[in-house]
Structure formats: structure tokens, C-alpha cells
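The values are calculated or read from the model by the stated rules, or taken from the named source; none is laboratory data. Just so it is clear, the structure is predicted and the values come from calculations on it, not from any experiment. So basically every Cβ, Gly included, is an ideal-geometry build from the backbone, and we count neighbours across all protein chains shown.
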Amino acid sequence: MIGGIVGLLALIWVYQTATKANVTNGVMWVMICAAAYLASQFIMIGAANYIIESMRADQGEGYERDLMSVGDRKNLGGFQGSKGTLSSVFFELFPPIAGFMLVALIRTKFVLKESITKTNLFSGIGSMFISIKESFKNPDQK
């Protein structure tokens, strides 16, 4: 769910950047960024699952992944307490953040054709949220 919201916002950001920069093939760049974002999500989520399963397999020979025991506390594999909470948050947020960074790199290097700096990577995010906010206003109120 988080990855979908971040992905949609990233694609809106690329589209607005392409229209403001007068790029002739802006929709193509949005599709390229969408494909790159989804590919990164696929790879990063698979890697996160692999890491989680390897962490849980460290419990020893008796470890068996049981998908039916949702409430079984002994199969949590070290994801309890503050360390477990931080690990869970990291594995949930890392794939969308990595995909967003990939989209930011493509946007900066290929769409805007600018050097990769912190200000260039994240320019336009504030104006994107402002335009989204403005789109919800009634035309009579403007």
C-alpha cells in the first residue's frame, strides 16, 4: 500500500516535471519511470523476503515456516521488541524509498538533463504537493 502511494506520487512528479521542462515525450518518460519503479519494487521486496527468511532460519534446524499460525509467537524469528519493530519498519519502507530514489535519478539525469545533486534530485516535490492541493479546490473558490 505504501509502495503504491509513493509510486503514484513519483509518477505525478515526473509528469509535472516533464510538462514544466517542455519535454516532447513526457509520457514516455513517465512510462519508463513506472517500469523502473515496479522493477525495483519486485527486486527489493524479493530481497527483503530473502533476508527476513534467512534471519528466521537462524533459529536452528527445528525452524519451519508455518503460514497458518498467525498468532503463533514462537515463529516470529526475532521480530519482537524494539529491534523487531525497527526491522519491520525498515523492510516495509526500504523498497518504496529505493524505487523513489531510482525515479529521482532517472528524472534528474535523463528528463531534466542536469547534474546529480541533492537539490536537483528533489526539486519540484513541494510544488507537486501544492498543485495537488490546488486541484481539490472548487473552481469558484479560486
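Descriptive notes on the structure:
- Some residue of the stretch 5-16 being out of contact with any Leu (no Cβ under 6 Å at 6 or more places or on another chain), among the small types (Gly, Ala, Ser) and at pLDDT 90 or above: yes
- Near pairs, Cβ below 9 angstrom, 6+ apart or cross-chain, from the stretch 21-33 (farther than 13 Å from Ala10 by Cβ) to any residue that is among the polar types (S, T, N, Q): Val23/Thr17; Gly26/Thr17; Gly26/Thr19
- Residue count for the stretch 1-44, restricted to those that are among the hydroxyl-bearing types (Ser, Thr, Tyr), surrounded by 13 or more Cβ atoms within 10 Å (Cβ to Cβ) and farther than 22 Å from Ile132 by Cβ: 1.
- Qualifying residue in the stretch 115-136 (condition: aromatic (Phe, Trp, Tyr), in contact (Cβ under 8 Å) with a residue 60 or more places away in the chain and under 22 Å from Ala36 (Cα atoms)): no
- Of all residues in the stretch 99-120, those satisfying the criterion of being over 19 Å from Asn25 (Cα atoms) and either loosely packed, with under 14 Cβ neighbours inside 10 Å or in contact with a Leu (Cβ under 9 Å, 6 or more places away or on another chain) (or both) are Gly99, Phe100, Met101, Ser115, Ile116, Thr117, Lys118, Thr119, Asn120.
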